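Enquirer: One structure follows; several queries about it will come next.
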Amino acid sequence: MSQERLAALLSEKRSYMPPVHGKSSAWISGEEECEAVCRRALEDPEDFWGARASQLLHWFKRWNHVLVADEAQHKYRWFTGAKLNASFNCIDRHLITGRRNKAALIWQGEREMDVRCYTYQMLYTEVCRVAHALSSLRIRRGDHVALYMPMIPELAIAMLACARIGAIHTTIFSGYAEGGVRSRIQDSKARIVITADAAVRAGKNKPLKANLDPILEKCPSVAHVVVVDHAHMDDVSMKPNRDIWWHDLIDDFTLNSDFPCEIMDANDTLFLLHTSGSTGKPTGVMHSTGGYLTYAAHTTQWCFDMHDDDVYWCTADMGWITGHTYGIYGPLALGATTLMFEGVPVWPKPDRYWNIVEKFRVNILYTAPTVIRSLMRLGEAWTERYDLSSLRILGSVGEPINPEAWHWYHKHVGDRQLPIVDTWWQTETGGAMISPMPYATKLKPGSAARPLPGIDAAVLGAAEHDGEEGKEVGRLVIRKPWPGMMLGVFNDEGKYRSYFSRFGCYESGDGAQVDEDGYFWILGRIDDSINVSGHRLSTVEIEAALTSCPEVAEAAVVPMPHDLKGEAIYAYITPREDVPWSEDLRAKLRDAVRRDIGPLASPERIQFVSAMPKTSSGKIIRRMLRKIAADAEDTGDTTSLANPEVIAEIIRGHNNLMRGKAENAPTENP
Ligand code: PRX
């Protein structure tokens, strides 16, 4: 983040008090109660988390210890000895209450008339059938199942069926292309992949099964592919003995065939979800059954003040952690009604979200700043057409929300009255860590407010990239364990340890600043990740896709500020000698990234340079490249450079590029 952006954030002085209406029934009501809970949770965390786990979940067997900590290895095991099942907690236990016929999952497809609604009873039936079906394919407790699926109910059903069996699901975002899908399947060694013929997006079918087929040739672990006939495509190729249609598979199981759930240990892995790491390989974050589910239910209840009669909509794709925690596990563990939408906010018109809010009388809306910014740009006429008065709480996640977008959301969606919970968290943390409580926290637009109860967040050290001048900008860390914390990194103990190597406690990889009221201002990633439209991408993975082109000698990828996406990808490329710097090459490079990782990683700008700025040991100094991409006036100290002369050339090339000219065009006389 640039110094200017930081200054703009910190100059935002307005604040908003929590609403009075609704406060009396809130789970946490008022600042005093919130502070008292935070104090108690930090004074006696085990008592606090033990009480929350008892209140929120059904345990087949209670724990021996709330927490067993191995500080030397940074291994934290919650609720040891306890037994439970996530699918039982999300479904079965609601069947003996008045929630049996309540809507658990409402699905809105891309076409207005495509709506499906599952009550808890119906969800139970479908999940049991799919659990039987997976079991018939010899999926057992501890096996891995990959889900490469669009936002359709079958995805949620498959996740819950895996949880029922004790199989570990690995969801792969349906927007990933070849490399992204392959590396995730190979890392998890999934025995089955569940997919669909296609995802439907903005009126078009985006094939999934056809994408998967060539990838599977390099994934020997996969014995079967189960295909949902979602878009009804004509020409889906099915490999005999390997590929099975979802409807044929479950058809063998009757509607009354219960599937008893597996009794899982609290520290058995519930799922694996890959996130972008600092190496070229995605990081396989493992989450536990007991700790994760407790934390998902706990934060869903308190951050969104979730009550039984709420209709709750988390717009995140289930391929990301937000979809796992706040689309499925958190709301269903609480017996809530969760809404799932397959389409995009602006298709066929930019009123899609507001149409859905009005249609289902949504009470809680949780979305991303990038969505808010893109809708803001299209104007408030789209919100004004709809009755949004059912809304009670608004949420934001995935990237820093700029005060301008915050105010638009507050005014045009929240009618200047609704609280906005700006929740900071990560794949690794399992659930929200720093967030307002809607009826208790004074809001400052652009700040995620304070750490939630039991979360010991702090800002330590100096953040190398952005904070040289302002020493108070540092690295965001969490000093004490919490139940939603990842169990580990799959097949990569070293990567897990690296989160703790600098400070001896969990380091998030984000820069942050704390103000005089103890409010946290998140400044974005300070590691090798880029957050594009709330999607965390690895610069190393993108660089690998770029250098796989034979024309490229070297590539360096950095973030650049972007009005809609928050951050976009800026790639510096040194082509091999004799390779012309052409538009064709730029197109080829973009295409390579799209094919390998997916369209979301496609570089916004590609700048050709004759050499990268390097240290005497040959290491590229990305810090300077970041500054140039961000149009910073000062690129910082160049004394550590072995080739300081390249800086002027790179700045000139950048300026030319931003004016739509070739990098090596002659500089105009002023
Ligand atoms: O940089 C932070 C940003 O998203 C990163 C985590 O990405 P991921 O693991 O994909 O999870 C995204 C959804 C939780 C963080 O390191 N981030 C997330 N929420 C916020 C945020 N940045 C600022 N404010 C937030 N509310």
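The values are calculated or read from the model by the stated rules, or taken from the named source; none is laboratory data. Note that the structure is a prediction, hence the values are computed from the model and not measured. Cβ placement follows ideal geometry from the backbone for every residue including glycine, while neighbour counts extend to all protein chains displayed. Keep in mind that these areas ignore ligands, DNA and RNA; they rest on the heavy atoms of the full protein, side chains included. Shrake-Rupley method; radii C 1.70, N 1.55, O 1.52, S 1.80 Å.
Enquirer: As I understand it, the dipole of the chain uses +1 on the Cβ of Lys and Arg and -1 on the Cβ of Asp and Glu, about the Cα centre. Which of LEU155, PRO445, HIS74 lies farthest toward its positive end?
Expert: After comparing all options, I get LEU155.
Enquirer: So who's got an amide H within less than 5 Å of the one on ASP456, skipping anything under 5 residues away but keeping other chains? H placed 1.01 Å off N, in plane.
Expert: Here the answer is ARG479, LYS480, since their amide H atoms fall under 5 Å of that of ASP456.
Enquirer: I'd like the per residue volume of the convex hull spanned by the Cα atoms of region 514-581, given in cubic angstrom.
Expert: Value for region 514-581: 105 Å³ per residue.
Enquirer: May I ask you to give the percent of accessible area on region 342-397 that is carbon plus sulfur, with a probe radius of 1.4 Å?
Expert: In region 342-397, the share of accessible area belonging to carbon and sulfur is 54 percent.
Enquirer: Next question. Given R₀ = 41 Å, FRET efficiency for ASN205-ASP563 by Cβ-Cβ distance, to 0.05?
Expert: 0.85
Enquirer: Another question, then. If amide hydrogens are placed 1.01 Å from N in the peptide plane, which non-local residues have theirs closer than 5 Å to the one on VAL311?
Expert: ASN363, ILE364
Enquirer: For region 155-293, what number results from the quotient of the Cα radius of gyration and 2.2 N^0.38 Å?
Expert: So the Cα radius of gyration is 1.11 times the expected 2.2 N^0.38 Å.
Enquirer: Sequence gap at least 6, Cα distance under 8 Å: using those rules, report the relative contact order of the chain to the nearest whole percent.
Expert: Reported relative contact order: 14 percent.
Enquirer: I would also like to ask the following. Put +1 on the Cβ of each Lys and Arg and -1 on the Cβ of each Asp and Glu in the chain; which of ALA462, LEU564, SER533 then has its Cα farthest toward the positive end of the dipole?
Expert: So the residue we want is SER533.
Enquirer: Then there is this: If you rank ASP634, ASP317, ASP517 by how much accessible surface each has, with a 1.4 Å probe, what is the order from largest down?
Expert: ASP634, ASP517, ASP317
Enquirer: Using 28 Å as the Cα-Cα cut-off, could you pick out the over-long pairs in LYS206/LYS661; LYS444/LYS480; LYS359/LYS411?
Expert: Listed pairs above 28 Å: LYS206/LYS661.
Enquirer: Sticking with this structure for a sec: Which stretch or stretches of region 368-383 have amide N atoms under 14 Å from the point lying 7 Å from ARG416's Cα along the Cα→Cβ direction?
Expert: Within reach of a label on ARG416: no residues.
Enquirer: Determine, for each peptide in 318-330, 360-372, the mean count of other beta carbons within 10 angstrom over its residues, then list the peptides with the highest first.
Expert: Going by the mean number of other Cβ atoms within 10 Å, highest first, we get 318-330, 360-372.
Enquirer: Please report the Cα spread of the chain along all three principal axes, rounded to whole Å, starting with the longest.
Expert: Result, largest extent first: 78, 64, 58 Å.
Enquirer: If you line up the long axis of helix 153-165 against the longest principal axis of the chain, both from Cα atoms, how many degrees apart are they, to the nearest 10?
Expert: Approximately 70 degrees, to the nearest ten.
Enquirer: Separate question: Show me, for region 407-422, the HN-Hα J-couplings you get by feeding each phi into the Karplus relation (A = 6.51, B = -1.76, C = 1.60, θ = phi - 60°), rounded to Hz, glycine and proline as x.
Expert: Rounded to whole hertz, the list is 5, 5, 4, 5, 7, 8, 9, x, 6, 6, 10, 7, x, 10, 8, 8.
Enquirer: Under 12 Å Cα to Cα from LYS61, which aspartates and glutamates show up? Leave out anything in the same chain fewer than 8 places away.
Expert: Of all the aspartates and glutamates, those that pass the test against LYS61 - Cα under 12 Å, at least 8 places apart if same chain - are ASP265.
Enquirer: Using 20 Å as the cut-off for backbone N distance, which residues of region 99-119 belong to the label zone defined by a point 7 Å from the Cα of ASP308 along Cα→Cβ?
Expert: Residues 99-106, 118-119 qualify, since their backbone N sits under 20 Å from the label point.
Enquirer: Relative to the Cα centre, what is the charge dipole magnitude of region 528-658, using +1 at the beta carbon of each Lys and Arg, -1 at the beta carbon of each Asp and Glu, and rounding to the nearest 20 debye?
Expert: Approximately 280 debye in magnitude.
Enquirer: So, one more: Taking amide H positions as placed in the peptide plane 1.01 Å from N, state which residues far from ASP510 in sequence (5 or more) or on other chains have amide H under 5 Å from it.
Expert: Here the answer is LEU476, ILE526, since their amide H atoms fall under 5 Å of that of ASP510.
Enquirer: Under the Karplus relation 6.51 cos²θ - 1.76 cosθ + 1.60, θ = phi - 60°, what is the ordered set of whole-Hz ³J(HN,Hα) values for region 286-302, x standing for Gly and Pro?
Expert: 9, 10, 7, 7, x, x, 4, 5, 4, 5, 4, 5, 4, 6, 4, 5, 8
Enquirer: Oh, and also: In Å², what does the accessible area per residue of the chain work out to with a 1.4 Å probe?
Expert: 38 Å²
Enquirer: For the chain, give the magnitude of the charge dipole about the Cα centre (Cβ charges: +1 Lys/Arg, -1 Asp/Glu; no others), in debye to the nearest 20.
Expert: Rounded to the nearest 20 debye, it is 980 debye.
Enquirer: How much of the accessible area of region 1-126, probe 1.4 Å, is carbon plus sulfur, in whole percent?
Expert: 54 percent
Enquirer: Right, something else. Straight distance only, please: which lysines reach the Cα of LYS614 with their own Cα at less than 17 Å, same-chain residues fewer than 8 apart left out?
Expert: LYS627
Enquirer: With the full set of protein chains in place, find how many percent of the accessible area of region 507-573 is carbon and sulfur; take the probe as 1.4 Å.
Expert: In region 507-573, the share of accessible area belonging to carbon and sulfur is 51 percent.
Enquirer: Rounded to the nearest 10 degrees, what's the angle between the helix 45-56 long axis and the longest principal axis of the chain, both from Cα atoms, 0 to 90?
Expert: Once rounded, one gets 50 degrees.
Enquirer: Please determine, in degrees from 0 to 90 and to the nearest 10, the orientation of helix 31-43 with respect to the longest principal axis defined by the Cα atoms of the chain, where the helix direction is its Cα long axis.
Expert: Helix 31-43 sits roughly 90 degrees off the main axis of the chain.
Enquirer: Can you list the lysines whose alpha carbon is less than 17 Å from that of LYS239, not counting same-chain residues fewer than 8 positions off?
Expert: LYS209, LYS218
Enquirer: Going by accessible area, probe 1.4 Å, with all protein chains left in place, what is the ranking of HIS307, HIS298, largest first?
Expert: My answer, sorted largest first, is HIS307, HIS298.
Enquirer: Could you check the simple spin-label distance between ALA611 and TYR386, using points 7 Å along Cα→Cβ, in nm with one decimal?
Expert: Computed distance between label sites ALA611 and TYR386 equals 5.6 nm.
Enquirer: Let me understand region 528-658 better: what is its radius of gyration from the alpha carbons, and its Dmax, in angstrom?
Expert: 13.9, 39
Enquirer: Between ASP44 and LYS189, what is the label-point separation in nm under the 7 Å Cα-to-beta-carbon projection?
Expert: 4.5 nm
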